[in-house]
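Here's the structure we're looking at; comments come further down.
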Amino acid sequence: MDLLKKYIVEKGEFVSDNILKVDSFLNHQIDPELMMEIGLEFKRRFADTKIDKVLTIEASGIAVGVMAGYVMHIPVVFAKKKKPSTLSNEIAVKKVFSFTKDMFYEIMVSKEFIVPGEKILIIDDFLAHGNAAIALADIVKECGGEVAGIGIVIEKGFQNGGNLIRESGYRLESLAIVDSIKNKTIKFL
Ligand code: 5GP
């Protein structure tokens with residue numbers, strides 16, 4: 001997706017050789033027009049697949065997930081990272097290791113919102129080692145749903161998440177695949 005690559009090149013910042021900062025349009029300040037283009041691109045890429053719902057993860061997945069759900073006319077569920085007192089129904093919980101924060105955290109979804117037989121499109125902002133995406137897929141399966149596909153805004157092709165997900169048999173669509181961010185230069189695959 002050329003527009004997204006342009007944003008990454010022009011506005012992306014380098015935290016290290018393996019972490020990219022895109023706070024000016026995706027992770028802190030949000031560019032709604034780019035989000036809409038991303039939603040439309042996910043719709044185009046998964047046009048041949050039946051999808052009942054989008055599942056994403058708070059916080060940065062929500063903007064892209066909502067745009068995708070809006071253009072596909074389907075609801076959007078986001079996995080929570082903290083259990084609020086209002087989440088009283090039966091929940092599916094998975095532990096995820098965050099390599100950017102170097103810690104484990106839990107994500108949870110109420111089984112009220114993913115029900116057996118539903119076809120779920122998982123959407124997230126970044127794909128690094130695949131821990132978040134695999135945990136979301138495991139939640140879908142625990143709820144009795146089916147993973148229709150996984151849509152990622154920025155895949156870092158030099159980390160192993162993409163291979164892990166494809167080898168696990170999931171359909172993966174990444175809108176930009178970054179091959180390297182060495183020496184403060186971004187190369188796309
Ligand atoms: P994974 O679970 O695939 O290892 O990492 C994916 C999650 O980590 C994403 O949800 C995202 O929040 C965060 N993440 C991974 N790599 C990056 C990165 O280079 N930049 C930013 N901003 N977040 C990242």
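Just so you know, all these numbers are worked out from the coordinates, no wet-lab data involved. This structure is a prediction, so every number in the text was calculated from the model and none was measured. Note: ideal-geometry Cβ built from the backbone for every residue, glycine included; neighbour counts use all protein chains shown.
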- request: Go through Met67, Ala135, Val115 and say which Cα lies farthest out towards the positive end of the charge dipole of the chain; charges sit on Cβ, +1 for Lys and Arg, -1 for Asp and Glu.
  value: Ala135
query: Beyond 16 Å, what share of the Cα-Cα pairs of the range 100-147 remains, rounded to the nearest whole percent?
result: 41
query: What do the square roots of 5 times the Cα gyration tensor eigenvalues come to for the range 95-178, in whole Å, largest first, as semi-axes of the equivalent ellipsoid?
result: 21, 16, 10
task: Report the dimensions of the range 1-54 along its three principal axes from the alpha-carbon atoms, largest first, rounded to Å.
output: 38, 23, 20
- prompt: Say a paramagnetic label sat at a point 7 Å from the Cα of Val115, along Cα to Cβ; which residues of the range 136-162 have their backbone N under 17 Å from it?
  reply: 140-146
- prompt: Based solely on its DSSP helices, what 222 nm [θ] is calculated for the chain when runs of n ≥ 4 H residues each add -39,500 (n - 2.57) and the sum is averaged over all residues, nearest 500 deg cm²/dmol?
  reply: -9000 deg cm²/dmol
statement: Taking r as the C-beta separation of Ser85 and Lys141 and R0 as 30 Å, the FRET efficiency to the nearest 0.05 is 0.65
message: Using +1 at the C-beta of Lys and Arg and -1 at the C-beta of Asp and Glu, which of Phe25, Phe78, Ala92 has the Cα lying farthest in the positive direction of the dipole of the range 1-106?
response: Ala92
message: If each residue of separation counts as 0.36 nm, what is the full-extension length gain between Ala47 and Lys6 once their alpha-carbon separation is subtracted?
response: 12.3 nm
The range 1-96: proportion of alpha-carbon pairs further apart than 15 angstrom, %: 68
field: Whole-Å semi-axes of the ellipsoid equivalent to the chain (Cα gyration tensor, √5λ, descending)
entry: 26, 18, 16
- prompt: By per-residue mean of other Cβ atoms within 10 Å, what is the highest-first order of 172-182, 79-89, 117-127?
  reply: 117-127, 172-182, 79-89
message: Quick check: Cα centre of the range 129-189 to Cα centre of the range 86-128, how many Å?
response: 15
statement: Counting only DSSP beta bridges fully inside the chain, the antiparallel percentage to nearest 5 is 40
